[in-house]
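For reference, the structure discussed in these notes is given below.
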Amino acid sequence: MIVICEAKATEEQINSVRQKIQSAGLEVHRSDGAEYTVIGVVGDIKRLDSGALQTMPGVREIVRVTSPYKLASREFHPEDTVVRVGENCQVGGTDVAVMAGPCAVEDDEQIEACAEYVAASGAQILRGGAYKPRSSPYSFQGLEEEGLKKMRLAADRHGLAVVTEVMSSEQIATVAEYADLLQVGARNMQNYQLLKDLGRAGKPVLLKRGMSATIQEWLMSAEYILNAGNPDVVLCERGIRTFETATRNTLDLSAIPVIKQMSHLPIIADPSHGVGIRRYVAPMARAAIAAGADGVIIEVHPNPDKALSDGPQSLTFDEFSLLMNRCRIIATTIGRRLGKH
């Protein structure tokens, strides 16, 4: 349920409404919009006298929320959420964030070269894997904490924030020590204990869509993080599993405007995993920005053919630079700004 306050409702009236709801043992979530203040109510609303609430000074309307996700819904939070990552980047609003780097941190030289180049091209966030969930137990699994250290040092040298994946609750403290944005991979989208623990981690979370998840299931996963107390959630469309075999996954660009209508949370696209083939990454990145994505996350490697992970979908430095130039034009055309300014 949401309570919409009158446009001219005073702070005293709004606080009285909050106290009335809290006295019934329910949670209150306030959202201040351009015209109205919206108070979201979470809990067993049968314990609340909605009739008495409706007649309180400052109350304009009471609306029942029908979606199973409450905190992630546009009804609860009409204004777009903007998530700040590190000191100099935000995801949402007029900016289009760019996260770029290798699939996996391999050594000092590789991550340093990537950080230097993506920063010079306008990216704000360095991506890279230190803990790698791989389909095969024989594939490269990442450098773990040593990889986190290398990525943090390279990012700091070039003024970048860091995004990297956390695979389990036990890793949260370690990853949070080095990263500014904690990524939940597609395989962990419905790892509810991990989501709840990330809700208490005190760092923004990048939540990737599960490979077979519906949009509602995806938003329900976001709800776990929000409900645990973390409002800073960024959604990531990374492709879903379909019958098509021409690409690694099917990048669902329609999810971008759908999420924008259903939720206030920012959404970015991952065309690298979405298609899995280098030549298709740039066109899909451009299309995602045109569709309204709040950012893109791109895999970049100094020598993709020798990459230890996901080389076939990683862009070369020159390809990434060209992509940034073209995406910047698209962003400007639709009234937004891309990357560092």
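Worth pointing out:
- Filter result (β-branched (Val, Ile, Thr) and buried (at least 17 other Cβ atoms within 10 Å of the Cβ)) within the range 305-335: 330
- Verdict on residue 143 being crowded, with 23+ Cβ neighbours inside 10 Å and touching a residue at least 24 places away in the same chain (Cβ under 8 Å): no
- Filter result for the condition that a residue is touching a strand residue (DSSP E or B) at 6+ places or on another chain (Cβ under 7 Å) and not assigned by TED's automatic domain parsing to the domain that holds residue 203, over 130, 123, 72, 100: 72
- Qualifying strands (runs of 3 or more DSSP E) (wholly inside the range 28-129; at least 3 residues being under 30 Å from residue 321 (Cα atoms) and hydrophobic (A, V, I, L, M, F, W, C)): 95-101
- Qualifying residue in the range 294-314 (condition: outside any strand (DSSP E or B) and within 18 Å of the chain's Cα centre (by Cα)): yes
- Annotation note: of 71, 48, the sole residue that is within 16 Å of residue 3 (Cβ to Cβ), touching a helix residue (DSSP H, G or I) at 6+ places or on another chain (Cβ under 6 Å), among the hydrophobic types (A, V, I, L, M, F, W, C) and surrounded by 17 or more Cβ atoms within 10 Å (Cβ to Cβ) is 71.
- Yes/no for residue 222 being more than 14 Å from the chain's Cα centre (by Cα) and of a type in the set (A, V, I, L, M): no
- One residue from 246, 287 being touching a Leu at 6+ places or on another chain (Cβ under 8 Å) and not acidic (Asp, Glu): 287
- Options 259, 334, 277: the member that is under 19 Å from the mean Cα position of the chain (by Cα) and of a type in the set (Val, Ile, Thr): 259
- Flag for residue 302 being at pLDDT 95 or above and either acidic (Asp, Glu) or surrounded by fewer than 14 Cβ atoms within 10 Å (Cβ to Cβ) (or both): no
The rows are residues; the columns are (1) out of contact with any Lys or Arg (no Cβ under 7 Å at 6 or more places or on another chain); (2) closer than 29 Å to residue 340 by Cβ.
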| residue | (1), (2) |
| --- | --- |
| 222 | yes, yes |
| 250 | yes, no |
| 258 | yes, no |
| 263 | no, yes |
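- Count of the range 151-176 residues, restricted to those that are acidic (Asp, Glu) and within 10 Å of residue 115 (Cβ to Cβ), is 1.
The values are calculated or read from the model by the stated rules, or taken from the named source; none is laboratory data. Computed from a predicted model, the values in this text were never measured in an experiment. When we count neighbours, we look across all protein chains shown, and the Cβ atoms used for this are built from the backbone with ideal geometry, even at glycine.
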